[in-house]
1. Using modelled backbone amide H atoms (1.01 Å from N, in-plane), which distant-in-sequence or interchain residues come within less than 5 Å of T12's amide H?
2. May I ask you to compute the full-extension gain from V38 to E149, defined as 0.36 nm times their residue separation minus their alpha-carbon distance, rounded to one decimal in nm?
3. Using amide H atoms built in the peptide plane, which far-off residues or other-chain residues are under 5 Å from Q47 H to H?
4. Between S256 and V24, how high is the FRET efficiency from 1/(1 + (r/R0)^6) when r is the Cβ-Cβ distance and R₀ = 25 Å? Nearest 0.05.
5. Compute the Kirkwood hydrodynamic radius of region 1-157, taking the inverse of the mean of 1/r over all pairs of distinct Cα atoms, and give it in Å to one decimal.
6. Divide by every residue of the chain the summed helix terms, -39500 (n - 2.57) for each DSSP H run of at least 4, and state the resulting mean residue ellipticity at 222 nm, rounded to the nearest 500 deg cm²/dmol.
7. Just to check I understand the Karplus step: with θ = phi - 60° and J = 6.51 cos²θ - 1.76 cosθ + 1.60, what whole-Hz values come out for region 31-43, glycine and proline as x?
8. Starting from the Cα coordinates of region 172-264, work out the convex hull volume and express it per residue in Å³.
Amino acid sequence: MRVGNKSNRVITLLTDFGDFYPGVMKGVMLSLTDATIVDISHSIEPQNVMQGAFLLYHSYRFFRNFGKAVHVAVVDPGVGTSRKALVIEAGEHVFVGPDNGILYPSASREGIESVWIIDESKTSAFTRELSSTFHGRDVFAPTAAFAVEERIEEVATPYNGEIQKIDLFKVNVADSDEIEAEVIFVDRFGNLITNIKREVVEELDAKAFYISGTEFPLVASYSDVELGQPLAIIGSFGTLELSVRNGSASQLFGVSSGKIKLGWR
């Protein structure tokens, strides 16, 4: 049952900005709307668009029943270039961010209904600045406020062209019992969160995975191995995670986000 109404509208915010910059964005938004602003994360690895897209994909859908929740995702290596700034309406959600693929997996999952190009001259009228390095403040923050107020047309124009796409879950299963995939996110516990979906693991009927000869047995919970031992598990993202019980797989095996080749049996 829908319980949302205009009084509990929400804007979510996901960036690679760290501290300071998100606070300024909130100041802009709150000068234009009284919507609730929720921080998803500002700790995306710098310029890691894939990671930003992954975390947006796994967070936005928990903001249902807020009318049309607005999701701002700014990981923007192309800031200040000719790359487009977008608003995408999809189902019960509105996505705001640069046209570099970060919005596409989430929006396409919901079913893209309309795409808008943000007019930077109109958004910057509210900040009285248009920095070539901080479009989060001068472009995306004002747009989010207008979107949550259902006034997108005042700062953006409809767009029917192509937008950038990325495939979050592209993996290559080789004949030699090897999977080429990505460690897409390393959480604060040192868990290596991959883009290998549960369905792929089930199709392989895998019992264990390997990094540099070390076996990560596929288990149902952390307690299925002894303290300090490696394990593989389908985590809360619905993808394969490589972990060490009460330890850091990232530190122990020297693995960070990026391409990875895993053995399996």
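Since every read-out is calculated from the coordinates, none of them should be taken as a lab result. Since we're looking at a predicted model, the values are computed, not measured. With ideal geometry, Cβ positions are generated from the backbone for all residues, glycine too; neighbour counts draw on all protein chains shown.
1. Amide H neighbours of T12, under 5 Å, 5+ apart: V38, V70, H71, V72.
2. Here the answer is 38.3 nm.
3. Amide H neighbours of Q47, under 5 Å, 5+ apart: D76.
4. Calculated value: 0.30.
5. 15.0
6. The per-residue figure over the chain is -5500 deg cm²/dmol.
7. Once θ is set to phi - 60°, the couplings for region 31-43 become 7, 10, 7, 9, 5, 6, 10, 10, 7, 7, 6, 10, 10 Hz.
8. Normalising the Cα hull of region 172-264 by residue number yields 86 Å³.
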